[in-house]
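Quick notes on the structure that follows.
The values are calculated or read from the model by the stated rules, or taken from the named source; none is laboratory data. Computed from a prediction, not measured in an experiment: that's the story for all the values here. Please note: Cβ atoms are built from the backbone with ideal geometry, for glycine as well, and neighbour counts cover all protein chains shown.
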Amino acid sequence: MAVHRISDAPRPLAEDVSARSRNYMISMGVRTVLFILALVFTGWLRWAFFIGSLILPYIAVMLANEGKTRRSESLPPITQVPPALPAEKSSSDESTI
């Protein structure tokens, strides 16, 4: 029987969804600021802000959809080899009377 530590427990679903929603809203706020800055500035800064406002939604969606990360725990190696089953004798091995 495996014993689990409390630190191994995943975050509650409501907390996870809340954190992902908050991070997505912050990213969309930054995107809005980048778009407004693209309207204000000229030259290469305009294009840098505009490209940033186009790329940021993709990154925000990828991070929001990431969700809970699974912890990959490898199973311990088998240390004991199970005993082999005895071979059955076939009827041809036995002498008939």
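Quickly run through the range 1-46 and pick out the residues that are in contact with a Lys or Arg (Cβ under 9 Å, 6 or more places away or on another chain) and either surrounded by 11 or more Cβ atoms within 10 Å (Cβ to Cβ) or modelled with pLDDT of 85 or more (or both). If you could, list the steps in order and put the result at the bottom.
Filtering the range 1-46 down to residues in contact with a Lys or Arg (Cβ under 9 Å, 6 or more places away or on another chain) leaves 8, 10-11, 13, 16, 19, 37-40.
Passing the criteria: Pro10, Arg11, Asp16, Ala19, Leu37, Ala38, Leu39, Val40.
Which members of the range 18-38 meet the condition of being of a type outside the set (Val, Ile, Thr) and touching a residue at least 12 places away in the same chain (Cβ under 8 Å)? Walk me through it before giving the result.
Pass one, the range 18-38, residues of a type outside the set (Val, Ile, Thr): 18-25, 27-29, 31, 34-35, 37-38.
Across the range 18-38, the qualifying residues are Arg20, Ser21, Asn23, Tyr24, Ser27, Met28, Arg31, Leu34, Phe35, Leu37, Ala38.
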